[in-house]
Each structure stands twice: as structure tokens, then as C-alpha cells.
Amino acid sequence: MIATGLLKLLTAVTGSLPDDDGSSFWMPPQVSTVAQGVDWLFNFILAISVFFFLLIVVAMVIFVIKYRYKEGQTAEESPTHNMALELTWTVIPLILVIAIFIFGFKGYLDMSTPPSNAYEVLVEGQKWNWSFTYPNGYIDSDLHVPVDRPIRLVMGSQDVIHSLYIPAFRVKMDVVPGRYAKAWFQATKPGEYDLFCAEYCGTSHSDMIAHVIVHPVGEFETWLEKASNFLETMTPVDAGRKLFQVRGCQQCHSTDGSAKTGPSLLGVFGRTQNLADGSTITVDENYIRESVLEPQARVVAGFEPVMPTYQGRLSDPEIMAIIEYFKALDGASSEE
Ligand code: CUA
């Protein structure tokens, strides 16, 4: 156990062992084409920092002990300067920082220039979920990509600054409202990896989590076709549940009766709802539709008017499916 830990610690500093996944004591697995280079430079800078930290602190301690004041001692005249010593401590760090700049700049250029044949996925960050739009218009809450193919992300934000962070790919890019941020990567191994928001963006920042699913060769197209046809292949209730999960609704609305940022949707259909302006309404298809498209029109009492509009982001059949799903949330069926 200790031996494995030590080995991991050692590989963190020295680089990875040839046959493992590239993970180390403090690094996740290396699953993109740039991961190895990023880790190498990180370890290079870390090694330099550790070396000079020890050199300086050890020398300091030795000098403090060796030259401490002794009874009856008078100070000697100290030499004004030492050319050889001063050149050494200037030239060596200069070479090191130039080396770090060259490696870092080369890596930066590689990471900011996607290959021209890259597959494009549109990303949108919003308090507090991610949505990924594929070239055929299908939107998912997870990022699905084929293995061994460059993927270009064009990213925007609906509200505040978010930051898309995929540790296993060593990819991190701020997503700023009012402009497009770009990032690219090429995954090297099929599997499921974490995707985080790395910029504090409010109450549920830590829930702004998605997955990256890297599909094996040939399986991505099959997945995309199947996923895109969900309105035709699923019942309206199931399609509505899927939309509720992948389009960011469940980040703020529970289906078990507990209040989150927004009211719970358990038994919502047909309920008499108190509104913020003091009036009441019976929840029907029209009220749900209005609340999706114009969330601020009639806000439920006790909740902040913070829901973003889904105008232009959900089609009519999709809204119908969501309404059918809400009708099924009557408390009698076993919903999660
Ligand atoms: Cu989005 Cu933190």
C-alpha cells in the first residue's frame, strides 16, 4: 500500500510509467493528444521549483547556523561582489525561464489551433448546466465524441462566466457571455470522463457537472442517430423525462416534492398555485407552456424570478412531451 503510494508520488514527479493510463499521484488519466505534453511541462516546472526551494532553504538554514553571532566576535569586512557567483545565478535561471516559455508557447499554440477537419460541437453554459448541440441539431446534457478524432468546441454563455474543464483531456476554457470561446481536443481512449465548471458562478456552481462519453470507432454515429430520434421512438412521458433531465430543468426543479431553486414539480398538474403577485392559478397546459417560454410572466410565490427562458430552445413537440411528463408526476407513480 505504502509502496504503491510512493511509486505514485515518484511517477508524479518523474513522469508516467510506460504501460499505465498516464495518471499519477495528483493527475487524472491522460486521455487526449495534448495531455502528455501538458503533464511533462507541469512536472518540469514542479521539479525546478522543488530543486530551488530545497537549495535556497537548506543553504539559508546552514548559513544561519554557521554564521550566527558568537560572543566576542567582530564583523569582518565583506567583499562588495562576486562576478562568477552573480553571473551563475543570473544566467542559469534565465536559460530555465526561456526554456519554460518556449515549451509553454509551443503547447499553447498547439492547443489553440484546431485541425481544419475537426468535428464541431456547440456548447452552452447556463446557471447551472451545460448543453451540447451536435451538427444535426440534437442537444444533450453530456458531451459525446468519437475517439481519435479532433473535436472543436464553440462555446457561449447565457448569463455569467463559466469555465469548461475536462481534467482527463487537460482542457480548460472560460466561457464568457457575449462572445464565443473555442477549445479543441482529440480523445485517445473510449470511456466516460468528468466535465466540470471551473469558475464560481453562483449557488449551484458545484452541481454544474457533465460527462464526456468517448465512443469507440464507429459507434458515435449510431449513438447520435438513435439519440436524435427520441421524440419518435419514446412515449411522450419518457421523452419529456429525458428532456427534463438533459435540458437543465432538474438542476432547479425536483420531482419528489422538495423545493430547490424553483418549485418542485411533484403533482404540479392541476394544482392551485399561489403566485408572487398574490393571485392564484390552476396549473394547466397553457400555464406550463407559458412558464417554459416566459418564466418571469407569472412566478410562483416564494421563489426568485431567476429561470432563463426556453424560447427558441425547445420545439412545440418537446414542450408537449414535457407537459405529458409533468402530468405523470402525480405522486402516485414511482418517480425518482
Ligand atoms: Cu458554471 Cu460554475
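Modelled this way, with points 7 Å down the Cα-to-C-beta line, the labels at I45 and E86 are 3.0 nm from one another.
Among the chymotrypsin sites (Phe, Trp or Tyr not before Pro) found in the stretch 135-237, those both in a DSSP coil and sparsely packed, with 14 or fewer other Cβ atoms within 10 Å of their Cβ, are Y180, Y200.
Taking 0.36 nm per residue of sequence separation and subtracting the Cα-Cα distance, how much length would be gained by fully extending the chain between A301 and F63, in nm to one decimal?
On the way: separation 238, 0.36 × 238 = 85.68 nm, distance 7.02 nm.
Result: 78.7 nm gained on full extension.
When ligands, DNA and RNA are left out and all protein chains stay put, how many square angstrom of accessible area per residue does the chain have with a 1.4 Å probe? Mind showing how you got there, number by number?
Values: 19900 Å² over 336 residues.
On a per-residue basis, 59 Å².
In this rough spin-label picture, where each label sits 7 Å from Cα along the Cβ direction, the K182-Q36 distance is 2.6 nm. Using a 1.4 Å probe on the protein heavy atoms, what percent of the accessible area of the chain belongs to carbon and sulfur? Accessible surface attributable to carbon and sulfur in the chain totals 62 percent. Springs between Cα atoms under 10 Å define the GNM used for the chain, and in it the highest mean-square fluctuation of S78, S228, S264 occurs at S78. Residue separation of T272 and L293 scaled by 0.36 nm, minus their Cα-Cα distance, works out to 5.5 nm of gained length.
Taking amide H positions as modeled 1.01 Å from N, with prolines and chain starts lacking one, the residues under 5 Å from E120 and 5 or more places away or on another chain are R152. Taken over the stretch 230-328, the convex hull of the Cα atoms encloses 88 Å³ per residue. Between V34 and Q186, the built amide H atoms are under 5 Å apart, and every one of these is 5 or more places off in sequence or on another chain. Would the stretch 129-261 count as rounded, prolate or oblate if I go by the C-alpha gyration tensor, calling it rounded below 1.5 in a/c and otherwise prolate when a/b exceeds b/c, oblate otherwise? Since a/c reaches 1.5 but b/c is at least a/b, the shape of the stretch 129-261 is classed as oblate. A convex hull fitted around the alpha carbon atoms of the chain yields 251 Å³ per residue. Couplings 3J(HN,Hα) for the stretch 152-166, derived from phi with the Karplus relation 6.51 cos²θ - 1.76 cosθ + 1.60 (θ = phi - 60°), are 10, 9, 10, 10, x, 10, 7, 9, 10, 6, 10, 9, 7, 9, 10 Hz, where x marks Gly and Pro. Computed from backbone phi with θ = phi - 60° and the Karplus coefficients 6.51, -1.76 and 1.60, the 3J(HN,Hα) list for the stretch 309-316 is 6, 9, 4, x, 10, 10, 7, 4 Hz; x is used for glycine and proline. Sparsely packed loop sites in the stretch 32-141 (the GluC sites (Glu not before Pro) outside DSSP H, G, I, E and B with at most 10 other Cβ atoms within 10 Å) comprise E71, E76, E77.
Taking loop as defined by DSSP and a crowding limit of 10 other beta carbons within 10 Å, which chymotrypsin sites (Phe, Trp or Tyr not before Pro) in the stretch 48-99 fit?
Values: sites: F51, F52, F53, F63, Y67, Y69, W89; in loops: Y67, Y69.
Filter output for the stretch 48-99: Y67, Y69.
Efficiency by 1/(1 + (r/R0)^6): what FRET value for T280 and D148, r their Cβ-Cβ distance, R0 = 56 Å, to the nearest 0.05?
Working: r = 57 Å, r/R0 = 1.03.
FRET efficiency, T280 to D148: 0.45.
Would you mind telling me which residue in R313, R68, R247 has the biggest mean-square fluctuation in a Gaussian network model of the chain, where springs connect alpha carbons within a distance under 10 angstrom? Greatest mean-square fluctuation among the candidates belongs to R68. Backbone phi angles across the stretch 105-119, fed through the Karplus curve with coefficients 6.51, -1.76 and 1.60 (θ = phi - 60°), yield HN-Hα couplings of 5, 4, x, 4, 5, 4, 7, 9, 10, x, x, 5, 8, 5, 7 Hz in residue order; Gly and Pro are listed as x.
Counting only DSSP beta bridges with both residues in the chain, tell me the antiparallel percent, nearest 5. List each step's numbers first, then the result.
Working: 30 of 42 bridges.
If we restrict to bridges inside the chain, about 70 percent are antiparallel.
Put simply, the amide H of S163, placed in the peptide plane, has neighbours under 5 Å in V175, A198, E199, leaving out anything fewer than 5 places away on its chain. Largest mean-square fluctuation among A84, A321, A301, in a Gaussian network model of the chain whose springs join Cα atoms under 10 Å apart, belongs to A84.
The values are calculated or read from the model by the stated rules, or taken from the named source; none is laboratory data. Computed from a predicted model, the values in this text were never measured in an experiment. Don't worry about glycine lacking a Cβ; one is built from the backbone with ideal geometry, like all the others, and counts go over all protein chains shown. Remember, those area values only see protein heavy atoms, side chains included, never the ligands or the DNA or RNA. Shrake-Rupley method; radii C 1.70, N 1.55, O 1.52, S 1.80 Å.
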